[in-house]
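Below you'll find the structure, written out as structure tokens, and then a few comments.
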Amino acid sequence: MCSHRCFLILIFFLASHSSVTSRNLPKTSVTTSTILNVADSIDKTKGPTSFQLNQQEEQSYYHSSTSFTLQLHSRASVRGTEHTDYNSLTLARLHRDTARVKSLMSRLNQAINNISKPHLKHTMHTTEQEEIEAPLISGTTQGSGEYFTRVGIGNPAREVYMVLDTGSDVNWLQCAPCAECYHQTEPIFEPTSSSSYTTLPCDAPQCKALEASQCRNDTCLYEVSYGDGSFTVGDFATETFTIGSTSVDNVAVGCGHRNEGLFVGAAGLLGLGGGLLALPSQLDTTSFSYCLVDRDSDSSSTVEFGTDLPSDAVVAPLLRNHLLDTFYYVGLAGISVGGEMLDVPATAFEMDESGGGGVIIDSGTAVTRLQTRVYDSLRDAFVRGTTDLERAAGGVAMFDTCYDLSSKTTIEVPAVAFHFSGGNVLALPAKNYMIPVDTVGTFCLAFAPTASSLAIIGNVQQQGTRVGFDLANSLIGFSTNKC
């Protein structure tokens with residue numbers, strides 16, 4: 001009789017223990033709440049629409065302990081903005097972000113379904129490894145969610161702003177003669193004015209590495225389409241890039257004579273993806289890092305090549321998709337809200353055998369996208385922890401959870417943290433997920449659902465954190481307050 005009762009008690013204990021430990025947090029301690037400085041966040045919304053042109057600082061330099069780099073202000077402070085109020089700026093950002101995510105999903109779906117792009121859709125009318133740094137600034141006031149870096153192109157070098165993009169491999173910029181080009185705030189690059197510009201022949205390895213190319217008069221033509229209707233077409237060439245004080249010869253770059261899309265003011269794009277044509281691969285570097293400044297800031301930071309992860313970095317596994325080497329996947333095991341793990345299976349964050357699913361970290365996406373069931377769980381947990389806050393009527397674009405904080409100076413909100421495979425935890429600052437959408441105190445939870453199986457950690461959640469990619473050891477490091 002006792003043995004039977006003891007057996008039942010043992011089974012109950014084991015079952016109960018298993019159900020509890022499966023939702024327990026890793027050994028790393030996690031806070032349950034954090035403070036949001038509402039007044040400070042609202043004050044920053046008044047800056048982007050009032051930044052004025054400041055060209056005097058554009059050409060200044062400074063010397064760091066490891067290399068020379070450009071000292072620059074944000075694109076907003078250098079170029080100003082066409083938006084007269086913060087709400088319209090927010091809506092423009094979110095519209096651009098939706099197009100960005102559509103582009104990434106399209107790219108992945110093409111790879112999974114083995115859809116090739118052998119022909120151009122849009123016709124065209126007539127070193128040794130060392131630490132290299134370049135400035136990194138916020139470009140959100142131009143209506144986009146990307147960040148921009150300042151680099152020199154050609155010989156003699158002409159400095160231009162280029163979008164920084166970990167979701168792309170091909171470097172490109174608009175070139176004269178320009179059959180169709182979007183508006184950029186600087187003169188179009190003139191390849192004939194550079195002594196180091198050389199078009200690539202069709203049999204060049206760089207040409208063969210392109211996803212979409214064509215041959216004309218033994219000259220390699222390239223095309224990059226971004227899924228949202230944006231594209232660039234032109235000659236594929238090699239050119240000298242000047243990054244900080246370091247010149248790098250023979251960098252493969254697209255010289256776009258026909259370009260269309262929402263690149264908004266930038267001269268082109270700097271690809272930091274994992275492919276062969278991306279800048280890290282062309283620099284033959286085994287590591288790089290960037291730190292994204294506050295989206296409403298006029299300060300600057302850097303993107304650095306050849307630097308080690310800081311010793312205090314929160315480290316996570318860097319994973320790759322065998323079907324698409326561009327994206328950087330991170331080993332995410334779960335998410336906690338208010339110190340409690342979300343009740344979602346670990347498979348919600350894993351890549352499947354077909355190459356679908358998983359979590360990528362992306363500099364070009366603004367708002368983190370989560371599978372709908374994961375997002376719903378996160379949102380519901382957050383709402384349960386904010387019952388003392390006044391909800392705003394309705395949502396804003398993709399945000400469905402907003403609050404009226406107009407009467408608040410500071411508030412306490414549930415802590416949100418990413419839990420990586422291996423047990424390391426990255427706690428997000430409150431300002432990285434409770435963001436203002438106007439100047440009168442409306443704040444929204446800055447996560448969004450996606451019907452896709454692919455999740456994306458966006459730049460709003462990354463801001464203020466140096467994100468390092470140790471390519472040699474397949475690690476991603478997150479270091480707070482190291483901008």
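The values are calculated or read from the model by the stated rules, or taken from the named source; none is laboratory data. Predicted model, so just to flag it, every value in this text is computed and none were measured. Cβ sites come from the backbone with ideal geometry, for glycine too, and all protein chains shown count toward neighbours. These accessible areas exclude ligands, DNA and RNA; they are computed on the full protein's heavy atoms, side chains included. Shrake-Rupley method; radii C 1.70, N 1.55, O 1.52, S 1.80 Å.
Could you check the stretch 162-178 and list, in sequence order, the residues that are over 12 Å from residue 255 (Cβ atoms) and in a loop (DSSP other than H, G, I, E, B)? First the steps, then the outcome.
Taking the stretch 162-178 as the starting set, the residues that turn out to be over 12 Å from residue 255 (Cβ atoms) are 162-169.
Passing the criteria: 166, 167, 168, 169.
When the stretch 252-299 is filtered for residues that are touching a Lys or Arg at 6+ places or on another chain (Cβ under 7 Å), outside any loop (DSSP other than H, G, I, E, B) and among the small types (Gly, Ala, Ser), the ones remaining, listed by number, are 265, 289.
Just one residue in the set 406, 354 is in a loop (DSSP other than H, G, I, E, B), open to solvent by 50 Å² or more (accessible area, probe 1.4 Å) and over 30 Å from residue 273 (Cα atoms); that residue is 406. For first residues located in the stretch 300-324 and assigned to a loop (DSSP other than H, G, I, E, B) and open to solvent by less than 40 Å² (accessible area, probe 1.4 Å), partners that are among the hydrophobic types (A, V, I, L, M, F, W, C) and at pLDDT 85 or above and lie 6+ apart or on another chain with Cβ distances below 9 Å form the pairs 306/283; 306/288; 307/288; 313/475; 313/476; 313/478. Residues of the stretch 179-228 that are part of a loop (DSSP other than H, G, I, E, B), hydroxyl-bearing (Ser, Thr, Tyr) and more than 15 Å from residue 258 (Cβ to Cβ): 185, 194, 195, 196, 197.
Could you list, in sequence order, all residues of the stretch 229-249 that are outside any strand (DSSP E or B) and either aromatic (Phe, Trp, Tyr) or in contact with a Leu (Cβ under 7 Å, 6 or more places away or on another chain) (or both)?
230, 244
From the list 441, 468, 458, which one is open to solvent by less than 20 Å² (accessible area, probe 1.4 Å), small (Gly, Ala, Ser), under 14 Å from residue 97 (Cβ atoms) and touching a strand residue (DSSP E or B) at 6+ places or on another chain (Cβ under 7 Å)? Let's see the steps before the verdict.
On the way: 441 fails: under 14 Å from residue 97 (Cβ atoms); 468 fails: under 14 Å from residue 97 (Cβ atoms).
Criteria check complete, one pass: 458.
Residues are listed down the side, and each one gets a yes or a no for (1) at pLDDT below 95; (2) touching a strand residue (DSSP E or B) at 6+ places or on another chain (Cβ under 8 Å); (3) open to solvent by 40 Å² or more (accessible area, probe 1.4 Å):
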| site | (1), (2), (3) |
| --- | --- |
| 365 | yes, yes, no |
| 375 | no, yes, no |
| 380 | no, no, yes |
| 402 | no, yes, no |
